1. Taking Ser188 as the residue in question, decide whether it is of a type outside the set (A, V, I, L, M), open to solvent by less than 40 Å² (accessible area, probe 1.4 Å) and assigned to a loop (DSSP other than H, G, I, E, B).
2. Here's a check for you: in segment 98-142, which residue that is closer than 24 Å to Thr203 by Cβ and basic (Lys, Arg) is surrounded by the most Cβ atoms within 10 Å (Cβ to Cβ)?
3. Which ones in segment 73-97 are at pLDDT below 80, in a loop (DSSP other than H, G, I, E, B) and out of contact with any Ser or Thr (no Cβ under 7 Å at 6 or more places or on another chain)?
4. Do we have any residue at all in segment 128-147 that's on the phi > 0 side of the Ramachandran plot and modelled with pLDDT under 80?
5. For segment 155-185, which residues satisfy the criterion of being among the aliphatic types (A, V, I, L, M) and open to solvent by 100 Å² or more (accessible area, probe 1.4 Å)?
Amino acid sequence: YESRAASGSVIEDGDSSLPDGRSFGVYAYQVGFDESVPGKVEVFKNPATSSATAFPNREVSTSDGVAGYSPKVLWPHLSTGRSLRFFAYYPWTDQNRSDKAITVTQSAAAEQVSIGYKMSGDPSKHIDLMHWMGPRNTTENTVNVELGHSLARLKFQARMQLYSPGTRIEVTNIEIGQAVSEGTLNISPSGDRINAVWNLNSTSKTSLAM
């Protein structure tokens, strides 16, 4: 048996793009080169209306292998000593939903993003959670988003030994008891590195039958 994420679609290592119809969420910050300078959630310009529009949890969808979002927005002008940092996660989740499995929390001052994840007790509803945080960007060029897996995939394999030829063995159920079902992934920059550390809620557990 190999666990498969049913919600959010499974993305294999090496895939160059998300399946059509899938989407990921993007956040952006404007920050200073000096780590002591606090960042802020940036406001981008909507070219159609010239009005300011926030860029938290922007949904970016894929079609024909190309990612895009609407309405388009313009990058803010990067004054001397300022840069942009982008963060992305998959699958995109409406943060206003009360039943969401993924909760994203921003801390612009620390350039930190936290992803709270609550695992369903039904394996068919598990999510292939992925995330990415880019380096500080000082130019108004294309940003390449390289999402990485945040969770592990479990694989079980049954093998027969010491049974007579022709013996039929049927595995009807595999159960994992009292697995930790909630945690928070804290993602933050540290110099040239991006740290991602899980903080598990050891009091929240569930059993998984597969």
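The values are calculated or read from the model by the stated rules, or taken from the named source; none is laboratory data. Nothing here was measured: the structure is a model prediction, and the numbers come from that model. Methodologically, a virtual Cβ is constructed for each residue, glycine included, from the backbone with ideal geometry; neighbour enumeration extends over all protein chains shown. Note: accessible area is taken over every heavy atom of the protein model, side chains too, but ligands, DNA and RNA are not part of it. Shrake-Rupley method; radii C 1.70, N 1.55, O 1.52, S 1.80 Å.
1. No: the conditions fail for Ser188.
2. In this case the residue turns out to be Lys118.
3. Those that are at pLDDT below 80, in a loop (DSSP other than H, G, I, E, B) and out of contact with any Ser or Thr (no Cβ under 7 Å at 6 or more places or on another chain): Trp75, Pro76, His77, Ser79, Thr80, Gly81.
4. Scanning segment 128-147, I find no residue that is on the phi > 0 side of the Ramachandran plot and modelled with pLDDT under 80, so the answer is no.
5. Hits for segment 155-185 are Met160, Leu162.
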